[in-house]
Amino acid sequence: MITIRSNTTSNKIQPPPNVYISNDVTDEGLNDSLPSPYLRSPIDGSFQSYNLAESSYIKPHKNLTFSYVPYFNTLQHGTLGRSDSFLMGTLHLNYEKYQQVKSIDLNFKGYERTSWTKTQGRTKFVYSGEHIITNKHYRIWSSPTKDETEILNLDVPFKVRLPYDLPDTLKTHLGEVYYSLRAIVNLKGSLISSTHTVEIHCPLKRTLVLDNDNSKLYKFHGESESITYTFVLPPAKNVNIGVYISIPMRIRFLRPGISIERIELAIKTNMKFRCNTNNTCRVSKRSGEAIIPRQELQYLNPITNNVKGDCTKTISFWIPRETLPTYYGRYITISHVLCIKIILLGIERTVHIEESINIANILKSFDVELPPPPAPPRFLNPKAFSLYLTTCGDRINYLVQNSVDSDSISFEDRDVEAAAAFVTQLYQSHIKKRTQSLSDEISSPYLYDG
């Protein structure tokens, strides 16, 4: 039998050099509207507490707690929906007396639930539905021997792979999609209890990664008795959450004496909830409303006969952060429609336009082509820099090692060649440091269970 007191060390954990200081991601290539998964770095570089808040626990246990990876405030790591995504953290066991532990397991579970009531007279009917999205089991620790291990204090880092097709965590007053993570400590069999468990909420965020550089914008046209219109939306009608989107528009008048009083925009969210008995409940709400008065519109090429020319405007429309992403599940369906209302002057008629859109947490992928390394100055003298090859012998050795014919090049050319090689080496080293990811710099001994 093995006795384990503690596996913690007193080494100070230093923050990675590119840890984010604020709660908003502002690094190049990232959308600054997305919340950052990184915690605020302490000024003195000392270790911070990364334990989960008490509100995160569904079923707490006085001897079992979870904590995040240092400098993160989420268990999710990786872009869910684009590439491999993981749950990473540490499970802490702190007992007052030794416990004989056989193994430790994790159970990750996702639910889709609905529930609402209807009243008819004095009778109240309750409708509900539940669907298990995922149910995964992982073993993160086992006794190193066939017998149980006596444990007083133990920290168990873990890294487990998430399924690829998981939706976002959603919550409405009639239904929700949520995930839980339960740790199970298997003890030596006894008459009281053979397991200790702790369960926490585990919210997930699914991200749609797009490369719109070569994608075409989505245009939709229409015509009424008085006008024709054209609106332009992002490619594939994909709209991000918590950002302004640009909607260019063009309206042409077909009859004289007509102009625009104002243009109203809004997002209508349609939610449909189902239950086990096939009953449904529908809810619609509007959000992100905007009004464009006639003073902000521009007219192009006005023509005679009192007919105004084309009307143009690029509308900046705000998508609220609390907007739910588009979702199609077994019991919950969430869809969005962009509603446009054009109020005309000179005629008692209003043009109503509706266009379905896809709302998601979007991150744009930038395929950056690195520029060529800078060329050295034409009249650079390497002798002025101690790091260059400064002696004639060093220059000749450099040329021989790089298979350069020394008879076909003058001493001045050799100086330039040596300087160019050094500048190229510095440039490539700088690019390598800039492109190194944050995850590669965190070297914690996390147990991987793929």
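Couple of notes before you dig in:
- Taking amide H positions as modeled 1.01 Å from N, with prolines and chain starts lacking one, the residues under 5 Å from Y218 and 5 or more places away or on another chain are L233, A236, K237.
- Cα gyration tensor of the stretch 57-186 - equivalent ellipsoid semi-axes, whole Å, descending: 35, 20, 13
- R0 of 60 Å, Cβ-Cβ distance T230-N63: FRET efficiency to nearest 0.05: 0.40
- Peptide ranges 319-332, 76-89, 112-125 listed from the most packed, as the mean C-beta count within 10 angstrom indicates: 76-89, 319-332, 112-125
- With a threshold of 31 Å on the Cα-Cα distance, the over-threshold entries among K97/K171; K102/K205; K205/K237 are K97/K171; K102/K205.
- In this structure the amide hydrogen of I357, modeled in the peptide plane, comes within under 5 Å of the amide hydrogens of H336, V337, L338, none closer than 5 places in sequence on its chain.
- Approximating the spin labels as points 7 Å out from Cα along Cα→Cβ, the H131-to-E176 distance works out to 1.9 nm.
None of the figures in this text is laboratory data; all of them are computed from the coordinates on show. Model, not experiment: these values are computed from the prediction. Reconstructed Cβ throughout: ideal geometry from the backbone, glycine too, with neighbour counts over all protein chains shown.
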